Amino acid sequence: MSRESTWKELETYNEHEQFYLTLHLARQDPAFFRQFLAGLDKEQLYHKKLIVPEIQGSWMPVHMDESMVTGSLDQDEIIVYKHNRYTPVFRHAHTFFEMVYVLRGSCRQTFGDREFTLNEGCFNIITPLTEHSISVFDDSLVLNILISGKVFQDAFYSLLRFSNTISTFLNQSLYLYEQSSWMIADTDRDPRIRDLVLDLTEMSGSDKPFKAMALNALLTLIFAGILQDHEAGISFPKKPFSGDETILKMIARIEQDYKTVYLQQLADDFGFSASYVSRLIKKKTGKSFTDIVQGIRFNKARHLLETCDDSIAVIAQNTGFENLEHFSRQFKKRYGISPGSYRTAVRSGEAFPVPDQEKQPVTLSA
């Protein structure tokens, strides 16, 4: 599919948009609207995932996880879909990252009591568990790019381990309390980035081999383009973490050297004692040095178990565990299942709950 055909497909009103447009027009005549609502079946609305706030029991995804989105985010890791025009406005939050991109026109977004317009060529990166809403009530084209948290830790390893505006924002939301729960990047309608987004959209809807690899590469190129040419267009609702930046540099270092880093080495590199660094990390994040390192290692290991055919011993070695026996024992303790059984089950389509410590951001104190 070419970019032109992808654009044409996005312009075409799908079944949901046709319904929402009819609903929007019906609201303009109270008598007709009551009659229209009376003819709707709430079970059908729920089955088709159609949002009608006036009908209790219709689809209303207020708290969304990976299983509730179009496709399987847990499997694909990146999913792109159009925000259906004329969708009734509803506040919601989700367990994954979202990038809203305005391909054409504009949209309105709300975060708490803050409301603003996102214009053509702009991205809004929204961190997990952030309550927000979006409004598109014209022919604007707005895309939702849904990204599982582990993508930022695995596919964007090179982005996260170097200091830049985006990595600071993402590392805070991955490991610390996000001082800013969303970030805007204005690309000034950059046609190169627009084309990359169209390519990302086309790839997301395809069944091509190496799809996940291609999606990760395209999203990395988008981030690189923003940093290279539009870093001045990045803004936050409030200033990012303004405390001692040493803790942020330590987190970036742990992310970079998670396989081999140890506390004394980290302390030496920053000119502190090991006991001081241990207390600082605990005070600023609420987690110990070991908790953070192990969390990164387990996330990497799970990703490799799901996506590659290396032996479990090789995966254990490549993610910094002492040996296969130690890895297997700790993995089962953490997830309640052995690494081999986990790999088999996940590849057969079975889903596993993620432990609470891997869902929640760590609290960062100033």
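The values are calculated or read from the model by the stated rules, or taken from the named source; none is laboratory data. Quick caveat: nothing in here was measured; it's all calculated off a predicted structure. Here the Cβ is made from the backbone with ideal geometry for all residues, glycine too, and neighbour counts use every protein chain on show.
Give all pairs with beta carbons closer than 8 Å in which a residue from region 26-43 that is within 18 Å of G57 (Cβ to Cβ) meets a residue that is small (G, A, S) and in a helix (DSSP H, G or I); count only pairs at least 6 apart in sequence or on separate chains.
If the second residue must be small (G, A, S) and in a helix (DSSP H, G or I), the pairs left are F36/A26.
Give the residue that is surrounded by the most Cβ atoms within 10 Å (Cβ to Cβ), with candidates limited to residues of region 323-345 that are under 27 Å from the mean Cα position of the chain (by Cα) and aromatic (F, W, Y).
Filtering region 323-345 for residues that are under 27 Å from the mean Cα position of the chain (by Cα) and aromatic (F, W, Y), the one surrounded by the most Cβ atoms within 10 Å (Cβ to Cβ) comes out as F331.
Right, I126: modelled with pLDDT under 95, buried (at least 18 other Cβ atoms within 10 Å of the Cβ), of a type in the set (A, V, I, L, M) and over 22 Å from T307 (Cβ atoms) or not?
Answer is yes for this residue.
Look at region 263-286 and say how many of its residues are small (G, A, S) and in a helix (DSSP H, G or I).
The qualifying residues number 4.
State all residues of region 1-56 that are of a type in the set (F, W, Y) and in a loop (DSSP other than H, G, I, E, B); if no residue qualifies, say none.
Y13
Based on this model, can you work out whether L25 counts as out of contact with any helix residue (DSSP H, G or I) (no Cβ under 8 Å at 6 or more places or on another chain) and either acidic (D, E) or closer than 22 Å to Y101 by Cα (or both)?
no
Would you confirm whether or not region 240-258 contains a residue that is surrounded by 20 or more Cβ atoms within 10 Å (Cβ to Cβ) and farther than 19 Å from T168 by Cα?
Looking through region 240-258, none of the residues is surrounded by 20 or more Cβ atoms within 10 Å (Cβ to Cβ) and farther than 19 Å from T168 by Cα.
Could you tell me whether region 228-251 includes any residue that is of a type in the set (D, E, K, R) and modelled with pLDDT of 90 or more?
Looking for residues that are of a type in the set (D, E, K, R) and modelled with pLDDT of 90 or more, one finds at least one in region 228-251, hence yes.
Can you confirm whether S288 is among the hydroxyl-bearing types (S, T, Y) and over 30 Å from L10 (Cβ atoms)?
Considered against the rule, which asks whether it is among the hydroxyl-bearing types (S, T, Y) and over 30 Å from L10 (Cβ atoms), S288 comes out as yes.
Can you confirm whether L227 is in the same structural domain as D195 (by TED's automatic domain parsing) and part of a helix (DSSP H, G or I)?
yes
Check E358, E350 and return the single one that is more than 24 Å from E245 (Cβ to Cβ), outside any helix (DSSP H, G or I) and either modelled with pLDDT under 90 or hydroxyl-bearing (S, T, Y) (or both).
The match here is E350.
Output the residue which, of all residues in region 326-341 that are of a type in the set (S, T, Y) and modelled with pLDDT of 90 or more, is farthest from I292 (Cα to Cα).
That would be S341.
Can you tell me which residue in region 57-105 is modelled with the lowest pLDDT, limited to those that are of a type in the set (S, T, Y), touching a helix residue (DSSP H, G or I) at 6+ places or on another chain (Cβ under 8 Å) and not in a strand (DSSP E or B)?
Only one residue tops the list, namely S72.
Among what's in region 1-10 and is within 25 Å of the chain's Cα centre (by Cα) and among the charged types (D, E, K, R), pick the residue that is farthest from G105 (Cα to Cα).
R3
What pairs come out if I take residues in region 296-313 that are part of a helix (DSSP H, G or I) and pair them with residues that are at pLDDT below 85 and polar (S, T, N, Q) whose C-beta lies under 9 Å away, six or more apart or interchain?
Cβ pairs passing all conditions: I296/Q153; N299/Q153; K300/Q153; H303/Q153; E306/Q75.
Taking only region 276-322 into account, find how many residues are on the phi > 0 side of the Ramachandran plot and within 24 Å of the chain's Cα centre (by Cα).
Within region 276-322, residues that are on the phi > 0 side of the Ramachandran plot and within 24 Å of the chain's Cα centre (by Cα) number 1.
So which of N323, N299 ends up being modelled with pLDDT under 90, out of contact with any His (no Cβ under 6 Å at 6 or more places or on another chain) and outside the structural domain of F210 (by TED's automatic domain parsing)?
N299
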